[in-house]
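No lab work stands behind these numbers, since they all come straight from the coordinates. In this text the structure is predicted, and so the values were computed from the model without any measurement. Cβ sites come from the backbone with ideal geometry, for glycine too, and all protein chains shown count toward neighbours.
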């Protein structure tokens, strides 16, 4: 098999079908994900274990391939012509190589195109603070973050640095200057890159993902010392996000991180992608805006009360996930069943529709 041409053909299918992901598993047909549903490409052959390794050889450099067989898993990015990029992961299962590719579109969409709330513009204009986009895997966190970075790039004159593993969206400097650093290629780790940011005259830092206490501590410190820090975390909502950050630290350091979060946190945006009746996906979301009441709850170990603050904070710009889901149902964008499946509090949601 000519792996390069076969891979190119599969990628063209991903683009044509509007798929978000492409999966390779030994002795199976390739599978794409369209609007959240997995679809096997039955007209394609079932690829052997040797074929999967052949595809991997087209996706990563030879030195990375050697490292993969030693560590048995690897993250990577892959550029297809000038059309799209992919974030990839290769791993072993039952002794065979599997590959998962996530499509990263070339064009970075605006808030309007992504159906995101205009209030996100407020956070793009902040001089400093810590802003998180959270949600499970595959819910569009990276896309939202890229849209925010691009908005800053277009409207402000700042030095922006992204720290990612791997680099996903690529940016072209416009009014701002953007430098993009990839972990293990341009820097040893997230927290090492964050520490060096203090010596690089940086205004805005985008961290692809919060990983471990060292990265979280450096990010919070950067936000406290005059930087706008944007990042993501795999959590379900704002309250859980705050608890996750605090619980990452040893008990002796938790009071300190509570104080730092209370003063540096700008907001937390949680999102879910819901199948749209007309096709495709549309986001439902929750937004926590840090004010004095929220800061006190964080400092006083009362994060369990944050959900109630969001529910009653509409006038100050906060957005409740259940109300966002209910609004999509009222507008005829999504079915009540799909909305209900993404609610973290189904009983409350049921009363809203």
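So here's what we get for this one:
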{"quantity": "Peptides ranked, highest mean first, by Cβ atoms within 10 Å: ranges 267-274, 43-50", "calculated": "267-274, 43-50"}
{"quantity": "Between the range 285-299 and the range 201-232, the alpha-carbon center distance in angstrom", "calculated": "18 Å"}
{"quantity": "Cα pair count fraction exceeding 15 Å, expressed as % - the range 118-168", "calculated": "51 percent"}
{"quantity": "Inter-centroid distance (Cα atoms) of the range 60-99 relative to the range 122-181, Å", "calculated": "25 Å"}
{"quantity": "Residues in the range 249-277 that a label on residue 341 would reach, taking backbone N under 17 Å of a point 7 Å out along Cα→Cβ", "calculated": "272-277"}
{"quantity": "Angle in degrees between helix 212-224 and the longest Cα principal axis of the chain, rounded to the nearest 10", "calculated": "50 degrees"}
{"quantity": "Calculated SAXS-style log₁₀ I(q)/I(0) at q = 0.07, 0.08 Å⁻¹ - the chain, Debye, Cα scatterers", "calculated": "-0.32, -0.42"}
{"quantity": "Spherically averaged projected area in nm², based on the convex hull that wraps the Cα atoms of the range 209-353", "calculated": "9.2 nm²"}
{"quantity": "Angle in degrees between helix 238-247 and the longest Cα principal axis of the chain, rounded to the nearest 10", "calculated": "80 degrees"}
{"quantity": "Share antiparallel - DSSP beta bridges, the chain, percent rounded to 5", "calculated": "60 percent"}
{"quantity": "Per-residue [θ]222 nm for the chain (sum of -39500 (n - 2.57) over DSSP H runs n ≥ 4, rounded to 500)", "calculated": "-11500 deg cm²/dmol"}
{"quantity": "Between helix 62-71 and the chain: long-axis angle, C-alpha atoms, 0 to 90°, nearest 10", "calculated": "70 degrees"}
{"quantity": "Pairwise Cα inverse-distance average, inverted: Kirkwood Rh of the range 3-105 (Å)", "calculated": "13.7 Å"}
{"quantity": "Stretchable slack from residue 305 to residue 71, in nm (0.36 nm times residue separation minus alpha-carbon distance)", "calculated": "80.0 nm"}
{"quantity": "Label-point gap, in nm, between residue 198 and residue 1 - each point 7 angstrom along Cα→Cβ", "calculated": "5.1 nm"}
{"quantity": "The range 305-352-the range 252-273 distance, computed between alpha-carbon centres (Å)", "calculated": "22 Å"}
